[in-house]
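The values are calculated or read from the model by the stated rules, or taken from the named source; none is laboratory data. These numbers were taken from a predicted model, which means no experiment stands behind them. Here the Cβ positions follow ideal geometry from the backbone for every residue, glycine too, while neighbour counts run over all protein chains shown. Heads up: the accessible areas ignore ligands, DNA and RNA and are worked out on the full protein's heavy atoms, side chains in. Shrake-Rupley method; radii C 1.70, N 1.55, O 1.52, S 1.80 Å.
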Amino acid sequence: MTKKLFIETLGCAMNSRDSEHIIAELSEKEGFVTTDDLKSADLILINTCSVREKPVAKLFSELGVFNKKKKEGAKIGVCGCTASHLGEEIIKRAPYVSFVLGARNVSKITEVLHKEKAVEVDINYDESEFAFNDFRTSPYKAYINISIGCDKSCTYCIVPKTRGEEVSIPDSLIVKEAQKAVENGAKEIFLLGQNVNNYGRRFSGEHEKVNFTELLRRLSNIEKLQRIRFTSPHPFHMDDEFIEEFASNPKICKSMHMPLQSGSSKVLKDMKRGYTKEWFLNRVEKLRSVCPEVSISTDIIVAFPGESDEDFEDTLDVMKKVKFDQIFSFKYSPRPETEARHYTNTVDEDTASYRLTTLQNLHTDIVDEKNKEYLGKVYSVYFEDLNKDYFVSGRSDNNIVIKVKGSDELLGEFRDVKITEIGRAHVELQSRGHLVC
Ligand code: SAH
Ligand code: SF4
Ligand code: F3S
């Protein structure tokens, strides 16, 4: 009889790709098939995120629910970033958990499955050359890891403590994976890493030094590949060569994520981001000068310790100048093992909430204004999702979500679509973007 796997994935795109790797390993080597029905699962996995405090608190209540609902004999495993930083504490607090597998130890999934109470959370375990079995949730768009870990030390961020030091995956493996995905029908690839444009700084073995710009060139040589996207680039590493390749390479989608975090140079310094407000604005100006059609998204943290009203005004000022197409905005959340956790000049909760609402309201106004420009224009859309209401949706090159009435015949196809109606979309709880019909 086949064994059933229920897997819940929280967090970022890297976690989604890790879940695909976990499913691939468990299905090829252990004969598991995935299920949405928790009660019939033989193995229940939670792939966790610990970037902010809330999801971590939720984990233990969720584990309790899973333990009550699971069928007799079913195992529960905790994977991902919270697994990395809490380790065996998870089993101490929830003794019914069978194993804990850190974000940097995905390749050991079939090993821990057979070891009761295994805890594998080495954050510098090197799986940059591990050949994972193949599994993709979507046949149309292929997520591909290009590096693991993060070498930065942003003072608010736990990620370097959950995913360890940065190691690039050899370009030959990335190109091979992309070729295979394209042969299997994907026309778009989505490159993943915490600092994609720092690619090539460190490999684990002897490898040709290839930087991110060169990697993009090599990938765009894959004949049937039509679109390349990536996340996240770091503003500090956005040199002219990278921006010019981005603008001139027709396969690279004209949508750039530029995580600002704060518009105040003082706060950016306290965050150890490595750039100033002026540098950020200069990079946006350079990008728009060579690629006027680019859409720009960002991440912003409000109420970082020491953020004054003037500092927050600087963030609003950058918002007004750049007019981001999409923002992911968060209240600062103190995290263990980070430098900022020890800062005492915290911002009170009411001010933090006020700033978050002010920022999001300003962005809604910006998006409403920008949306008007889309009416009547024609965009090439790559269709990926069939919605229940007989709408098929996809994205334009510059990342606008576009829906048309249609059937699954459109999936995996490109069509030119004229925009006739505009709506507002909440792509995620804290993000606002465009939705166009
Ligand atoms: N490597 C990416 C970010 C990954 S984490 C980059 O540097 O852009 C995703 C986002 O979560 C960050 O951009 C930041 O905006 C947010 N974030 C990270 N730590 C946070 C914290 N302690 N509190 C609130 N938001 C945080
Ligand atoms: Fe975190 Fe900074 Fe690394 Fe991004 S670059 S993952 S924010 S430490
Ligand atoms: Fe991603 Fe969350 Fe880890 S954002 S890197 S899953 S802490």
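Applying the criterion of at least 3 residues that are open to solvent by 40 Å² or more (accessible area, probe 1.4 Å) and within 16 Å of ligand 2 (Cβ to nearest atom) to the strands (runs of 3 or more DSSP E) found wholly in the range 1-80 leaves an empty list. Filtered by the rule that a residue be open to solvent by 30 Å² or more (accessible area, probe 1.4 Å) and part of a helix (DSSP H, G or I), the range 371-380 gives K372, E373. The selection criterion, being aromatic (F, W, Y) and open to solvent by less than 20 Å² (accessible area, probe 1.4 Å), does not hold for F130. Restricting to the range 129-154, what's the tally of residues that are part of a loop (DSSP other than H, G, I, E, B), within 16 Å of ligand 3 (Cβ to nearest atom) and of a type outside the set (D, E)? The qualifying residues number 6.
Taking the criterion of being buried (at least 19 other Cβ atoms within 10 Å of the Cβ) and in a loop (DSSP other than H, G, I, E, B), the residues of the range 188-209 that qualify are G193, Q194, N195, Y199, G200. The C-beta contact set for the range 45-70 (first residue free of Cβ contacts under 8 Å to residues at least 60 places away in the same chain, second residue assigned to a helix (DSSP H, G or I) and aromatic (F, W, Y), distance under 8 angstrom, 6+ apart or interchain) comprises I46/F66.
Being away from ligand 1 (no atom under 16 Å from the Cβ) and either under 24 Å from M256 (Cβ atoms) or assigned to a helix (DSSP H, G or I) (or both) is a description that applies to F383. Selection of the range 339-364 for residues being of a type in the set (F, W, Y) and open to solvent by less than 80 Å² (accessible area, probe 1.4 Å) yields only Y343. For beta carbons closer than 9 Å, sequence separation of 6+ or different chains, a first residue in the range 17-41 that is in contact (Cβ under 8 Å) with a residue 40 or more places away in the chain and a second that is surrounded by fewer than 21 Cβ atoms within 10 Å (Cβ to Cβ) and of a type in the set (K, R), the qualifying pairs are E20/R136; A24/R136; L26/K3; E30/K3. Looking across the range 133-151, just one residue is basic (K, R) and open to solvent by 40 Å² or more (accessible area, probe 1.4 Å), and that is R136. Being in contact with a Lys or Arg (Cβ under 9 Å, 6 or more places away or on another chain), hydroxyl-bearing (S, T, Y) and within 16 Å of ligand 3 (Cβ to nearest atom) is a description that applies to S84. Looking across S107, S84, S98, one residue alone is closer than 12 Å to T48 by Cα and of a type in the set (S, T, N, Q). It is S84. The combined condition, being open to solvent by 50 Å² or more (accessible area, probe 1.4 Å) and over 22 Å from E28 (Cβ atoms), is not fulfilled by S168.
Just so you know, in the range 152-165 the residues that are open to solvent by 20 Å² or more (accessible area, probe 1.4 Å) and in contact with a Ser or Thr (Cβ under 7 Å, 6 or more places away or on another chain) include one that is nearest to ligand 2 (Cβ to nearest atom), and it is C157.
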